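Colleague: Mind having a look at this structure? Questions to follow.
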Amino acid sequence: MKKLTIVMAVIGCIMAEVLAMSVSAEETTTQPDYANYGTDHCCDWTDDTTEGTTFYDDEWIDGTSHCVPDEDEYYDGTSGEYNGFHWAYSNHTLTISGNGKLQKENIYDVCPWSDFAMYVHKLVIEDGVTTIGSYVFVYFTNLEEVSIPNTVTSIEESAFYGNCNLKSIVIPDSVRKIGDYAFASCDNLRDVTLSKNLTDVGMYSFYTTPWYCSIQPEGAENVLTIYNDILFQASRVQGDFVIPDGIRVIANHAVYQQDFMTSVTIPDSVEYIGTNAFENCLSMETITIPEGVKRIGHSTFMGCNKLKNITYPASLEYLGFQQYSENLQSLTFLNPNCKIEEQIMITPYVGTIYGYPNSTAEAVTKENGWAFIPLEGETENVPEVAGDANNDGRMSLVDVVQVHKMLQTRKAPPKSCDMNKDNKVNVIDLSLMKQRLFNE
């Protein structure tokens with residue numbers, strides 16, 4: 001009897017404890033796990049009927065203009081090292097310091113600040129950073145202010161993608177490249193100051209931003225999106241397309257897949273033609289590339305099946321990887337020192353390559369077993385690449401070192417290294433070579 005009484009007492013205690021835990025659980029309000037809110041919970045989740053509130057999964061957050069509440073005490077005051085750079089986070093401000101390229105080790109790498117990206121309102125990148133790498137600041141959904149120093153020369157693909165509270169950005173004149181989708185889906189970005197020295201403008205670099213929408217004109221045909229001296233996009237192009245004077249850069253994919261365009265005339269103000277700029281223009285039969293064009297990106301004429309002849313001007317210093325159609329009959333290279341990346345023809349290629357003897361064009365032709373016909377005249381009469389001391393078709397650090405050694409040993413550097421055109425090569429020209437190399 002005593003044993004039964006003891007057992008009943010124990011069972012009663014257990015049931016009482018379980019009941020108490022149940023009541024406690026019912027009285028406790030579970031807070032949403034904001035740290036696990038992904039990109040689907042961005043700035044569009046608002047209810048217009050309730051001013052000053054933001055709506056999340058049946059939770060109301062009163063009196064805030066941000067997507068998440070300020071519950072970042074866990075991260076505030078933290079800092080660390082990442083790929084040679086120092087980062088520090090305090091009072092909603094992320095500061096990055098260091099020298100060189102700020103980038104991920106690989107596409108699967110996760111930056112340490114990704115854990116608290118939603119809490120960052122201000123981003124400060126200090127002097128010394130030269131490249132803002134791909135995907136390093138994606139989905140900073142409450143970021144409002146970004147400071148980019150004038151040491152940055154390149155902003156890579158999707159670097160600031162999806163920063164939906166960013167309203168303005170100043171890109172310093174030191175920046176020469178903006179990669180594909182760099183500021184795409186920054187849905188409140190209305191004020192953009194672009195670098196005046198851009199030479200490489202990526203596909204959809206400002207896609208869906210209000211700023212980009214504001215510079216897009218309306219029209220029935222030949223609709224051109226132009227800002228400053230950059231042709232961002234051409235659409236509804238028909239017949240003979242004459243690109244307006246004053247354009248300096250044709251952006252990546254700018255004239256992509258214009259099926260009713262039959263010819264293109266490029267003005268002599270253009271210096272840079274981007275990657276895939278004329279890809280899949282199926283009806284294009286002719287294109288005129290003028291003197292003044294210095295660089296052409298890769299796959300520029302891929303899918304242009306009716307294009308039969310292309311002449312690359314003497315001013316062209318670099319030609320990226322190209323894949324031509326089976327109907328191409330000839331390529332003409334007027335700069336014997338142009339750096340030419342791999343050129344792919346439909347095999348067997350029965351067309352002809354024209355160029356100067358002992359030129360890079362001849363070397364590419366012989367390497368692939370294509371027909372080569374030398375142009376009349378001596379190679380020396382064709383403009384040289386400025387600063388190209390070793391005659392490899394481009395100026396690089398190797399040329400700078402070579403000229404430096406030649407000046408030290410009192411040997412005369414090549415005339416191509418006379419950067420200021422005063423008919424002599426000295427330390428002033430060496431300094432100009434270094435400056436140009438840094439800018440590139």
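The values are calculated or read from the model by the stated rules, or taken from the named source; none is laboratory data. Only a predicted model underlies this, so the values are computations on that prediction, with no experimental measurement involved. All Cβ positions, glycine included, derive from the backbone under ideal geometry; neighbour counts span all protein chains shown.
Colleague: Does K306 satisfy the condition of being surrounded by fewer than 20 Cβ atoms within 10 Å (Cβ to Cβ), among the basic types (K, R) and more than 25 Å from the chain's Cα centre (by Cα)? Outline the logic, then answer.
Modeller: Values: surrounded by fewer than 20 Cβ atoms within 10 Å (Cβ to Cβ): yes; among the basic types (K, R): yes; more than 25 Å from the chain's Cα centre (by Cα): yes.
Here the answer is yes, as K306 does meet what is asked.
Colleague: Return yes or no: is N165 assigned by TED's automatic domain parsing to the domain that holds G100 and over 22 Å from N83 (Cα atoms)? Show your work before the answer.
Modeller: Details: assigned by TED's automatic domain parsing to the domain that holds G100: yes; over 22 Å from N83 (Cα atoms): yes.
Judged against the criteria, N165 is a match.
Colleague: Scan E144, E81 and give me the residue that is over 29 Å from F232 (Cα atoms), among the acidic types (D, E) and assigned by TED's automatic domain parsing to the domain that holds T199.
Modeller: E81
Colleague: Working only within the stretch 325-335, note down all residues that are buried (at least 21 other Cβ atoms within 10 Å of the Cβ) and either in contact with an Asp or Glu (Cβ under 8 Å, 6 or more places away or on another chain) or hydroxyl-bearing (S, T, Y) (or both).
Modeller: Matches in the stretch 325-335: N335 only.
Colleague: Would you mention how many residues in the stretch 92-134 are touching a Leu at 6+ places or on another chain (Cβ under 9 Å) and charged (D, E, K, R)?
Modeller: Here the count works out to 1.
Colleague: Return yes when E291 is among the acidic types (D, E), in contact (Cβ under 8 Å) with a residue 60 or more places away in the chain and outside the structural domain of G202 (by TED's automatic domain parsing) and no when it is not.
Modeller: no
Colleague: Condition first: over 25 Å from N276 (Cβ atoms) and at pLDDT 90 or above. Can you find one or more residues in the stretch 310-333 that meet it?
Modeller: no
Colleague: Here is a further query. Could you list, in sequence order, the residues of the stretch 172-196 that are farther than 15 Å from G133 by Cα, within 14 Å of the chain's Cα centre (by Cα) and of a type outside the set (G, A, S)?
Modeller: The answer is L194, and nothing else.
Colleague: Part of a helix (DSSP H, G or I), outside the structural domain of N309 (by TED's automatic domain parsing) and at pLDDT 80 or above: does that describe V401?
Modeller: When the stated conditions are applied, V401 passes them.
Colleague: What number of residues within the stretch 297-320 satisfy the criterion of being outside any loop (DSSP other than H, G, I, E, B) and within 18 Å of M395 (Cβ to Cβ)?
Modeller: Narrowing the stretch 297-320 to residues outside any loop (DSSP other than H, G, I, E, B): 309-312, 318-319.
Remaining after also requiring within 18 Å of M395 (Cβ to Cβ): 318-319.
Counting residues in the stretch 297-320 that are outside any loop (DSSP other than H, G, I, E, B) and within 18 Å of M395 (Cβ to Cβ) gives 2.
Colleague: May I pose another question? Out of (1) modelled with pLDDT of 95 or more; (2) loosely packed, with under 12 Cβ neighbours inside 10 Å; (3) among the small types (G, A, S), what's the single condition that is false for G52?
Modeller: The single condition G52 does not satisfy is (1).
Colleague: Answer yes or no as to whether A182 is among the hydrophobic types (A, V, I, L, M, F, W, C), touching an Asp or Glu at 6+ places or on another chain (Cβ under 7 Å) and without any contact (Cβ under 8 Å) to a residue 40 or more places away in the chain.
Modeller: yes
Colleague: Kindly indicate whether R394 is within 30 Å of I178 (Cβ to Cβ), modelled with pLDDT under 80 and either part of a loop (DSSP other than H, G, I, E, B) or assigned by TED's automatic domain parsing to the domain that holds T131 (or both). Working first, answer last.
Modeller: Working: within 30 Å of I178 (Cβ to Cβ): yes; modelled with pLDDT under 80: yes; either part of a loop (DSSP other than H, G, I, E, B) or assigned by TED's automatic domain parsing to the domain that holds T131 (or both): yes.
Yes; evaluated as a whole, the condition is true for this residue.
Yes/no per residue for (1) of a type in the set (K, R); (2) touching a Ser or Thr at 6+ places or on another chain (Cβ under 9 Å); (3) over 25 Å from V255 (Cα atoms):
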| site | (1), (2), (3) |
| --- | --- |
| T130 | no, yes, yes |
| F140 | no, no, yes |
| T153 | no, yes, yes |
| A159 | no, yes, no |
| S168 | no, yes, yes |
| K177 | yes, yes, no |
| V192 | no, yes, no |
| G202 | no, yes, no |
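This table checks each residue for (1) surrounded by 15 or more Cβ atoms within 10 Å (Cβ to Cβ); (2) farther than 29 Å from P149 by Cβ; (3) modelled with pLDDT under 95.
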| position | (1), (2), (3) |
| --- | --- |
| D173 | no, no, no |
| K177 | yes, no, no |
| D191 | no, no, no |
| S205 | yes, no, no |
| I230 | yes, no, no |
| G239 | no, yes, yes |
| V249 | yes, no, no |
| D259 | no, yes, yes |
| Y272 | yes, no, no |
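Colleague: Can you name every one of the strands (runs of 3 or more DSSP E) wholly within the stretch 188-284 that holds 1 or more residues which are within 21 Å of R295 (Cβ to Cβ) and touching a helix residue (DSSP H, G or I) at 6+ places or on another chain (Cβ under 8 Å)?
Modeller: 230-235
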